[in-house]
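Below is one structure, written out as structure tokens; the observations come after it.
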Amino acid sequence: MEGESTTQASTPAGALFLSYASQDAETAARICDALRVAGIEVWFDQSELRGGDAWDQKIRKQIKTCALFLPLISKHTHERAEGYFRLEWKLAVDRSHLIMANKAFLVPVVIDETADDDENVPDRFREVQWTHLPAGETPSEFVRRIQQLLSGESPPLPILTRGPAAAISGKSLRLKSAWLGVMVALAAVAAYVLVQKPWITKPPPPLAFNPPPHSIAVLPFVNLSGDKEQEYFSDGLTEELLNSLSRINELQVAARTSSFSFQGEHPDIATVAHKLNVGAVLEGSVRRSANTVRITAQLVNGVTGFHIWSQSYDQDLGDVLKLQTEIATAVASALKVTLLGDEAAKIELGGTRNPGAFDAYLQGSKAVNSGQGASSYQSAFAAYTEAIRLDPNYALAFASRSLALSRYAGEFAVGTGVRELFAKAQADAREALKLAPELAEGHLALARFLSSSPLDFTRASEAYERAMALAPGNAEVLAESGLFAVYMGRFDAGLAAARHAIALDPLNPRRRAQFGEALYGTRRYREAVAAFGAVISLEPDFKRAYGFRGVAYYWLGDFKSARSSCESKPDHWSSLWCLALTYEKLGRHVDAEAELKKLQAAFGDASAYQCTTIYAQWGNAAKALEWLVRAVRLPDPGVVYVKTDPLIDPLRKEPRFQAIERELKFPN
């Protein structure tokens, strides 16, 4: 993903066209990202090869069909009488004369101190209310205004705007001023609700339906065994089939959490296709007897609802790997996907032909996905261990147990248990790769260990990149690799991977939380607040999102909203951390110290990195460095944040900090 740009002109024609001078590309990208995070379709061309007949035709088509035209106005558009954006502006002005309600089509945005009477700006733009977004900082109020315009709501609130320079009469000026006063008052109320009541959230807007070629979702296969206790088997078999399909290069497969969100709902295929933005849906049933399994599968076109392919299979339980291969290759063939190389070897990589081992592995996966906290991990450890006992060559079971051990160590373990768990995680990851060197899950497990325990960030980076190369369609690999890339300062590549993960898994709150943390890591705090709000709308009890949203508000200087967000889930470590920071800014030092003591009492040295950030923000550099040394010595997995974390910026000029940073040997 290193070479993937976050701003390629890959979005098809549709909702909003963003026009800018080349010198303003970075600012334009910031606005584009904020709109896309909210689910708004944006056509944003940042290719270097602009111009030519083909390009002109494409631009004309996009401007002819877009719903809104958003020109960025700056000193660069003032200085440059020539430029491709000039053609875009002319086309937009021409179209605005031809359509009804033309003022709602143009949404001019000024990003610096350019005057409203700039003669280089078309008169048509100056007849419309301008929006002021300095340096591309995009508040949620502006995003809401765009959503209102796109949905046809009226009138949108003209917040954060500057008036046009067009001459108007004294009477119209007075009337306009009166209306603006009313609108500003309404905007203030709206802003209060949005900012002071951060717990009020709306669900993330649905993705624009434009499924990529060869995109597919796999719905949970129905358990027809007559035993509800066998649902783990039908669910697990569905998940393994989904993973098998994702290993076929040309297929884009919606990830498990999003596909399984429809379980028990009996939705129609069109609903599934639109919510997950896929062109086809695979559904079916599983009937298991003592030693055999019968699977019926059917592939349906998500656009037309017509059946593409269906088939029934009967196999011995020991041949489940072969069965997965047969179904996956049949689906690929039905979708006209070109199969390259030995697809069976890719699909069956790391698997088992032992029915008991497979059954235990599926129970482990069910436990991990249950979301029941520490107890679910304990159940998963036992199940994966049983799978490995029955088949000591089961690479996927080793990799899955390694990932579960690392996650448990980072989220729940304290004291010496942390080091012991990471040691076991390392052994499992290395065994998985010994058995199956090309297994992406094995490289992901090793990367997670390397970045958490030995703090070997260079080798961790290599392992993440290897996992991405082997599984470019795996949402978990993309999200974790992208977040790590952000921590290492590779912001563009990291955000691109995190966005791709959301495209594959749009209904998974964990993926959106990882994207929110990536935005926070790149210091895009307003967008991070919006992303964590989307997490909470999907899963109101996702406690980590409240704490991280609070810290994003903290950086916006909105300490009341930070406090409200973190007080919503006060028992989670992220909220204790957030409140220790926020109460101090609100002048409540005694309360801040109380939150810090709660954090230390609950997690001990496992909270060493969070203590570092708190003391750094309190201005106690000596205490902060003391805790940082402790975090590195443990080691605390939070040390991965050191390179880019804004919370420890007050320490960066300290010679002792610089020595620690050199010792950590972060990759360039």
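Coordinate-derived values only; no laboratory data. For clarity, every value in this text was computed on a predicted model and none was experimentally measured. FYI the Cβ positions are ideal-geometry reconstructions off the backbone, even for glycines, and counts take in every protein chain you see.
The ellipsoid that matches the Cα gyration tensor of the range 215-348 has semi-axes, each √(5λ) in whole angstrom, of 21, 19, 12, with the longest given first. Length gained on full extension, A601 to R630, computed as 0.36 nm times the residue gap minus the Cα-Cα distance: 8.8 nm. Taking amide H positions as modeled 1.01 Å from N, with prolines and chain starts lacking one, the residues under 5 Å from A217 and 5 or more places away or on another chain are A254, A280, V281, L282. The Cα atoms of the range 597-650 cover 26, 21, 15 Å along the three principal axes, with the biggest extent listed first.
The relative contact order of the range 555-622 comes to 25 percent, based on Cα pairs under 8 Å that sit 6 or more residues apart.
Return the long-range amide H neighbours of S19 (sequence gap of 5 or more, or a different chain), with a cut-off of under 5 Å between placed amide H atoms. Under 5 Å from the amide H of S19: L70, L72. Backbone N atoms of the range 228-245 closer than 15 Å to the 7 Å Cα→Cβ label point of Q315 belong to residues 234-245. Placing a pseudo-label 7 Å from each Cα along the Cα-to-Cβ vector at A659 and H307 gives an inter-label distance of 7.4 nm. Between Rg and the Kirkwood Rh of the range 541-668, both from Cα atoms, what is the Rg to Rh ratio? Reported Rg/Rh (Cα atoms, Kirkwood Rh): 0.96. From largest to smallest, the equivalent ellipsoid semi-axes obtained for the range 340-414 from the alpha-carbon gyration tensor read 24, 14, 10 Å. Amide hydrogen proximity for V222: with H placed 1.01 Å from N in the peptide plane, the residues at 5 or more positions away or on another chain lying under 5 Å are G284, S285, V286. Phi angles across the range 644-658 convert, under the Karplus curve 6.51 cos²θ - 1.76 cosθ + 1.60 with θ = phi - 60°, into 3J(HN,Hα) values of 10, 5, x, 5, 9, 4, x, 9, 5, 8, 6, x, 5, 5, 4 Hz, Gly and Pro given as x. Lysine pairs in the range 541-668 whose alpha-carbon atoms fall under 15 angstrom of each other, counting only those eight or more residues apart or on distinct chains, come to 6.
Each label point was placed 7 Å from the Cα along the Cα-to-Cβ direction; for D571 and A345 their separation is 5.2 nm. Legend: residue pairs K275/K346; K322/K434; K275/K336, Cα-Cα distance threshold 27 Å; pairs beyond threshold, K275/K346.
The range 234-270 and the range 529-548 have their alpha-carbon centroids 24 Å apart. For Y384, neighbours were defined as the other residues whose beta-carbon sits under 15 Å from its Cβ, and their charges (Lys and Arg +1, Asp and Glu -1) total -3.
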